[in-house]
Every structure is written in structure tokens, then in C-alpha cells.
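Everything on this sheet refers to the single structure shown next.
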Amino acid sequence: MMERISLKVNIAGVELQNPVMPASGTFGMESAEYVDCSKLGAIVPKSFTLKPQQGNPPPRVAETSCGMLNAVGIQNKGLEYFLSVTLPFFEKYGVPVIASVSAYSEEDFMTIIKELNKKKTALIELNVSCPNLKEGGKAFGQSAEETYKIVKAAKSVSEIPLITKLSPNVTDITEIALAAESAGTDAVSLVNTFLGMAIDINTMRPKLGKITGGLSGPAIKPIALRMVWQVAQKVKIPVIGLGGIASGADAIEFILAGATAVQVGTGNFVRPDIMEKIISEIEDYLRKKNISDINQIIGGVIIE
């Protein structure tokens, strides 16, 4: 009989009991009714901004043939609410909590991080997909130069390891990943949603109030997987993979491509307890393969 299988992975000095966590925006306090949060590798609550914000006009979600479009617009109750309500709620489960931070300026990112330093979340995920309002509204994460600047600024004040969440809506994602790494990020997570659109042919109007939105779900998995593999070839820091993961097999593909951990997004809406299922399926796979430690397969895809 094989000894106990270890699913432990390490992201920037933070040990996770397994590599599975939710993707930001897909997991709230109400999710704890359906999931044993203490079994997860980490918890990533919804991204928050410095001040509360309302988000985009409805409708905000549209189902697609193999996933969903969303244009929620980071509706949230702000930093104070995260620190006083959300963080204490999730900390009681005894697994690392990752604060997903969104901001529209370098200054706001730095202000939020200084406050998080006092509370010491396990990790901070910089959501650089927000528009930089000072630079004409283009997302920070769509430019290597802007990504470098924002990560450098965040790193200069942060006492907590940083993960930079990369947007796939770029020409070469490895260029952005390398910029984040050279600016000092401790890890990268990818991919965020792809820009998409849907039209109701009966009303002849867009299905989303904001016209376009982020495509997620199984449809994006092959592209996300390719990007994770490309980035893992180039950077020396841990990579967290996400994009259409809905089973243990999906998660293992990302790990073989070079991801140290994975995030589950749209799958949480389809089946709220999906992450627990994925964790047990990863363990079953390792047992069948006679592999005692998940770290043995990170980046283990065979390419001849």
C-alpha cells in the first residue's frame, strides 16, 4: 500500500494543503454553505476596490454554448468591508486567504496594500485587468510597461507576497508575465477572462448591459492552458493556472503544463462543491500513477 499522498504546494513561502482554490469573483461568504472551506488549498474572495462600487448596468451575465459572459464590473463593498467582515469570516477556516485587489490608479493599489499589511492576509493577488483611468482607460495588464510600474509600486509597500493576475487580452502574455516578474511579483495567476460579446437576435440588442464582457468556462480552457504552458517556460516564479477547470483531469492538465496551483471559476456556479470533487480526483490520479507527491508532476508534460 502506498504511503499517504502529499498534495501540499508552496506559493512564495505560503504552504497550501492542496493546489485548489476558487477564482476571484466566483466564491462568496454564501459559498461556505455548500463547500467545506477548510478543505481548500486557499480562499480567494471577490476582488475589492478602495471604496465601494456599484458595478455595471444589468443585464450582467449571459450564458454561452460552453461557458458564460459576465460584465459585473467588480461590484463590491470596498476595503473597509473586506477587512472588517469578509476577511474574519474566511480566516476562521484555517486556510490561507488571498486578498484580490483591484484599483484604478497606482496610488489606490498602494493605499489598499498598506492596510492589508496590518491584517496580514496570506497573499495578495493584484487584479491588473482594471482600466488605468490616468492613462486613458487601458487596463494595466495589457501593457508590459504599465504592469511593471504597478507591480513595482505594489512591491515597494507590500509586506505580503504578491500574485499578479494576468489578462489574456494581449498579443504576447509571456511579455507581460516577464514584466511582472522583473518588477518583483512573487507569483503570477492566469488567465483572466477573454473579451467577448453576445447578441439577442429577437430584440437585436446585446445580451449584456455593457455590450461586451468576459468569457469564462470550458470554452477557454485550451487557450488558457496554452498560455499557462508558455508562461511557465519563461518565468522562474510559481504560476497559478485558471480558465475552464471543471474536473480533476482539467486541473492536472494545468499542473502538467507548469502550474503550481489552480483556481476554479465558472465551475463553482455549475456545481458549488466542485472544488472538493477536484481535490479528490487529483488524489485518485496520483494514486493510480503511483506518485506520492504532487510536486513531482508540476511542469511534467512530456514534449519530445
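The numbers here are math on the coordinates, done by the rules we state, and not lab data. The structure presented is a predicted model; accordingly, all values stated were derived computationally and were not measured. Glycine gets a Cβ as well: all are built from the backbone with ideal geometry, and neighbour counts include every protein chain shown.
Roughly what % antiparallel, to the nearest 5, for the DSSP beta bridges in the stretch 181-254?
Restricted to the stretch 181-254, the bridges split so that about 65 percent are antiparallel.
If you stretched the chain out fully between R205 and I223, how much longer would it get, using 0.36 nm times the residue separation minus the C-alpha to C-alpha distance?
3.7 nm
Nearest-5 percent of antiparallel DSSP beta bridges in the stretch 1-150?
About 60 percent, rounded to the nearest 5.
In nm, to one decimal, how far is the T212 label point from the E15 one, both placed 7 Å along Cα→Cβ?
4.5
Select from S129, S158, S189 the residue whose mean-square fluctuation is largest in a Gaussian network model of the chain (Cα-Cα springs shorter than 10 Å).
In this elastic network of the chain, the residue with the biggest mean-square fluctuation among S129, S158, S189 is S158.
If I model a spin label as a point 7 Å beyond the Cα along the Cα-Cβ vector, how far apart are those points for L195 and K114 in nm?
Each label point is offset 7 Å from its Cα along the Cβ direction, giving 3.3 nm.
Using Cα-Cα distances under 8 Å and only pairs 6 or more residues apart, what relative contact order does the stretch 154-304 have, in percent?
Taking the mean separation of contacting Cα pairs over the length of the stretch 154-304, I get 19 percent.
Anything over 25 Å Cα to Cα? Flag those among K39/K120; K152/K234; K8/K92; K8/K120; K155/K277, in the order listed.
K155/K277
Which FRET efficiency value, to the nearest 0.05, is calculated for K8 and E175 with the Förster distance at 35 angstrom and r the Cβ-Cβ distance?
0.65
Give the label of the value calculated from the structure for Rg and Dmax of the Cα atoms in Å, choosing from [x] 22.1, 74; [y] 17.9, 53; [z] 18.4, 62.
The value matching this structure is [z].
Over the stretch 213-287, how many percent of alpha carbon pairs lie in each 5 Å bin up to the one with the longest distance?
3, 18, 27, 24, 17, 9, 2, 0, 0
Using only alpha carbons, build the gyration tensor for the stretch 183-244 and give me the equivalent ellipsoid semi-axes, biggest first, whole Å.
In descending order, the three semi-axes are 32, 12, 7 Å.
Looking only at the chain, where both bridge partners belong to it, what percent of the DSSP beta bridges are antiparallel (to the nearest 5)?
45
For K234 and K288, compute 0.36 nm times the residue count separating them, minus their Cα-Cα distance, and round to one decimal in nm.
Gain in length upon complete extension: 16.4 nm.
Through the Karplus equation 6.51 cos²θ - 1.76 cosθ + 1.60, θ set to phi - 60°, convert the phi angles of the stretch 274-288 into ³J(HN,Hα) values in whole Hz; use x for Gly and Pro.
Ordered by residue, 3J(HN,Hα) equals 4, 5, 4, 5, 4, 4, 5, 5, 5, 4, 4, 4, 5, 5, 5 Hz.
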